[in-house]
Amino acid sequence: MHAKAYTIFMVLLLTGCAFTTSVPETPLATSVPAKPAPAKKTAVDAVTTATPKEKKAQDPRKVTAQQVRARLAAMPKHPRLFITNSSALARFRDDKNLRDEQRFLVAYIRQEADDALKTKPTERRQTGRRLSSGNTFASRVIALSTAWQMFGDRRYADRCREEMLHACTWSDWVPTHYLGVAEMLRGLAIGYDWCYDALSPADRATIRAAMKDKGFDEIKRQRSWWRKTNNNWGQVCWNGVTAAALATAEDDPARAEALILEAVHALPNTFTPYAPVGAYPEGPGYWGYGTGRIVYLLAAWRSALGTDFGLSEAPGFLRTGEYINAVTGTSGYFFNYSDCGRNRGYSDTLWWFAAQTGRTDWLAREYVALREATAKWKKSGKIENVTGSFPALVLLWGRFPLVDAPNRLPLRYLSQGENPIATLRSGFAPNASFLGVKGGMPKYNHGHMDVGSFVFDADGVRWAEDLGSQNYHSIEKLGTFTLFNMKQDSSRWDVFRLGIDSHNLVVVGTNRQQVAGFAKIAPAGLHAVQLDLASIYGPCVKSATRTFMLDTATRAATIRDEFTGLARGVSLRWQMATSGTVESCEANRLVLTQKGQCLVLRVEAPEQVKWEVLELDKPVNPWDCSNKGFRRIAFTVPAAADGTATISVTLAP
């Protein structure tokens, strides 16, 4: 987000104003109640989330084949994915009462489709073990088929047809890495469904044959492990598979029934990690991927089948819109733990959650960006993407005009669950402090050795950084790394960004974190949390705690580490990655500057330390990537003779 937009966003939050949307004009079948339970505390005082109470969910695992068969038999004709009649999008074309933001979205949809008209069909590209052109294909088909539904211009349907038929000629869709196959099926499903009347019977048969041979049949050929998994793979793959099954159901009802039934019974596994309050244990980056695809699945099932069989009622799921805002710092960056970059994009997914729950404050950032982009378009004609990958859904899931709503985000967010995190805020002003704290375990899917690590924002600046993930192929192509082996001795942990040396931790000797350990996060006061890290450090300690405290008056954060049971004299290295410039470094005080702002680090215990600064521009190891503009500040202290150590550092804006 531009600095101006983010400043507006935070001012609105501070003054109790966000933005609103509501349920679509065409109600979604089996939708949850739109009215949320009232918050017991104000956004300034709240320390727990306040969201709708989940009703006792239908058990998807008890859905029968007969129930699925009956739903399939009652499906609407094409289109049936997301929309159920040809006027659902066409009405935006000629409506003279559209709000400016709606007209902007219509213009954006036309521009995307016009740009696609100028391209040649997407070619098959493979990078390492992944299909790298699947997203391009799906995005292009969505743009063209949306424009066909909205504007009725045959050029869009013809170019979409060309795109789909060409993809059917590819040798394969790299089935050994089924995520790419799922994206191909997703794109073909929407194009087939939304351009159905513009396709000849022969065209449809060709597309269905490719779906079967390169998509459905590969599920059994590859003995696909993702079918019952609990992570983003199950969400992404089942979305593509079931969208294609629904789009072609009349031509193979038995296959559609079998796939939908299997998905209904398997998908609860992917919803379990959202409990209890909606946090996504794979991190905010994979939230956008996995949660985004599962929302597409739910919406497509509701439009085609009239139900999602109770999947959306899983504990915590409808609260996840709060999570993605809770892990967005006052710098505008994500608290990017696990394999995640720090930049937050725009999400069409959040519009769905706001429509389901009434939590329109979750859309504050999206609304600021949409308003700003609309104003720029009206002034200069320039169009920017501020909606995510499927702008038509914003038109369908939102209601205009945009109406301000009070901010209900908490100052302290505690997720608990399978990979807990916490965030603390001093307030919601643009200069407020933000502290993100990582608990849980290293071996969770896409996890790092980052338990006990943190990020810190103040004055609109990210001071304590998480360097994020490294491009997977850059590591895999070397052939010597077991990148997704999460065992204790895995070479995964030798990658600088994934192991202990890049994260904001206390490193004891040269010991790695214990991948089987688990750190809970407990409240330690109104604006403080504490982690028990004993199982993370393992046998090198008897006890280890890390306490994070945020002073809401001064905006300063204090991190206090306490150890017992250490080997006498063993070294403990306190470290923090930053993009700030070291202005001065003396005794127990280090000063960072960045973007005209200043942060002072004061070491309050022990009494004397010697700072070390390691520039990270050059790769630490031959297999690592560069971290241009970043450095690691650190100091090392020995354990006391009695095996104890206490370290306390304050970060003061």
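The values are calculated or read from the model by the stated rules, or taken from the named source; none is laboratory data. All values reported here derive from a predicted model rather than from experimental measurement. Counting neighbours? That spans all protein chains shown, and the Cβs are built from the backbone with ideal geometry, glycine included. Please note that ligands, DNA and RNA were not included when accessible areas were found on the heavy atoms of the full protein model with its side chains. Shrake-Rupley method; radii C 1.70, N 1.55, O 1.52, S 1.80 Å.
Can you check what the Kirkwood hydrodynamic radius comes to for the range 606-653, Cα pairs only, in Å to one decimal?
Computed over Cα pairs of the range 606-653, the Kirkwood hydrodynamic radius comes out at 13.5 Å.
Looking at the range 572-635, which GluC sites (Glu not before Pro) are in a loop (DSSP not H, G, I, E or B) and have at most 16 other Cβ atoms within 10 Å?
E607
For the range 312-364, just say rounded, prolate or oblate: build the C-alpha gyration tensor, square-root its eigenvalues into a ≥ b ≥ c, call rounded for a/c under 1.5, and beyond that prolate if a/b exceeds b/c, oblate if not.
prolate
Could you give the spread of the C-alpha atoms of the range 449-555 along their three principal axes, from largest to smallest, in whole angstroms?
Cα extents, longest axis first: 52, 38, 21 Å.
Take the Cα pairs of the range 523-579, get the Kirkwood Rh, then feed it into Stokes-Einstein at 20 °C and 1.002 mPa s and tell me D in µm²/s.
Rounded to a whole number, D works out at 165 µm²/s.
Output ³J(HN,Hα) for the range 505-521: one whole-Hz value per residue in order, computed from phi by the Karplus curve 6.51 cos²θ - 1.76 cosθ + 1.60 with θ = phi - 60°, and x for Gly and Pro.
Here the 3J(HN,Hα) series is 9, 9, 9, 9, x, 10, 6, 6, 5, 7, 5, 8, x, 8, 10, 7, 10 Hz.
Using the Cβ atoms and a cut-off under 15 Å, what net charge is assigned to the surroundings of C598, where Lys and Arg are +1 and Asp and Glu are -1?
+2
Say R0 is 45 Å: what FRET efficiency, to the nearest 0.05, do S491 and K62 get from their beta-carbon distance?
0.55
Could you sort out which of K62/K443; K96/K379; K438/K487 sit more than 22 Å apart by Cα distance in this structure?
Flagged as over cut-off: K62/K443.
Taking all pairs of different Cα atoms in the range 272-335, averaging 1/r and flipping that mean, what Kirkwood radius in angstroms comes out?
12.5
Out of all Cα-Cα pairs in the range 357-417, roughly what percent, to the nearest whole number, are more than 13 Å apart?
71
For the range 214-290, what log10 I(q)/I(0) values come out of the Debye formula at q = 0.15, 0.18, 0.19, 0.23 1/Å, with one point per alpha carbon and no solvent?
Values returned for q = 0.15, 0.18, 0.19, 0.23 Å⁻¹ are -0.55, -0.75, -0.81, -1.06.
Once the range 508-641 is represented by equal point scatterers at the alpha-carbon sites, with solvent omitted, what log10 I(q)/I(0) does the Debye formula produce at q = 0.12, 0.15 Å⁻¹?
Values, matching the q order: -0.60, -0.94.
The range 366-444: which trypsin sites (Lys or Arg not before Pro) are DSSP loop and have at most 14 other beta-carbon atoms within 10 angstrom?
K382
For the chain, which whole-number percentage of the solvent-accessible area (1.4 Å probe, protein heavy atoms only) is attributable to carbon and sulfur atoms?
Heavy-atom surface of the chain belonging to carbon and sulfur, 1.4 Å probe: 52 percent.
Expressed as a whole number of Å, what is the distance separating the alpha-carbon centroids of the range 500-555 and the range 262-327?
First find each Cα centre; the distance between them is then 29 Å.
Let me check the size of the range 419-500 from its C-alpha atoms; what are the radius of gyration and Dmax in Å?
15.4, 48
What area, in nm² and to one decimal, does the C-alpha convex hull of the range 119-219 cast on average over all directions?
The directionally averaged projection comes out at 5.7 nm².
Helix 154-168 versus the longest principal axis of the chain: what is the Cα-based angle in degrees, 0 to 90, to the nearest 10?
70
Counting C-alpha atoms alone, how compact is the range 162-291: give Rg to one decimal and Dmax as a whole number, in angstrom.
In order Rg, Dmax, the Cα atoms of the range 162-291 give 15.2, 49 Å.
Which net charge results for the neighbourhood of T644, defined as the other residues with beta-carbon distances under 14 angstrom from its beta-carbon, given Lys and Arg at +1 and Asp and Glu at -1?
That sum, taken over residues with Cβ under 14 Å, equals 0.
Using the 2.2 N^0.38 Å rule of thumb for compact globular proteins, work out how the chain stacks up: its C-alpha Rg over that value, please.
0.99
Going by the alpha-carbon gyration tensor, a ≥ b ≥ c the square roots of its eigenvalues, is the range 54-141 rounded (a/c under 1.5) or, if a/c is not under 1.5, prolate (a/b greater than b/c) versus oblate?
oblate
Going through the range 57-142, which trypsin sites (Lys or Arg not before Pro) have at most 15 other Cβ atoms within 10 Å and a DSSP loop state?
In loop regions of the range 57-142 (DSSP not H, G, I, E or B), the sparsely surrounded trypsin sites (Lys or Arg not before Pro) are K77, K96, R99, K118, R125, R129.
To test your reading of the geometry: what angle, between 0 and 90 degrees and rounded to tens, separates the Cα axis of helix 253-266 from the longest principal axis of the chain?
Once rounded, one gets 20 degrees.
Hey, what angle do you get for helix 100-117 against the long axis of the chain, alpha-carbon based, 0 to 90 degrees rounded to 10?
70
Tell me which residues come under 5 Å, amide H to amide H, from L131 once H is placed; ignore anything under 5 positions away on its chain.
It is G180, by chain and number.
So with the 1.4 Å probe, I'd like the accessible area per residue for the chain, rounded to whole Å².
Each residue of the chain exposes 37 Å² on average to a 1.4 Å probe.
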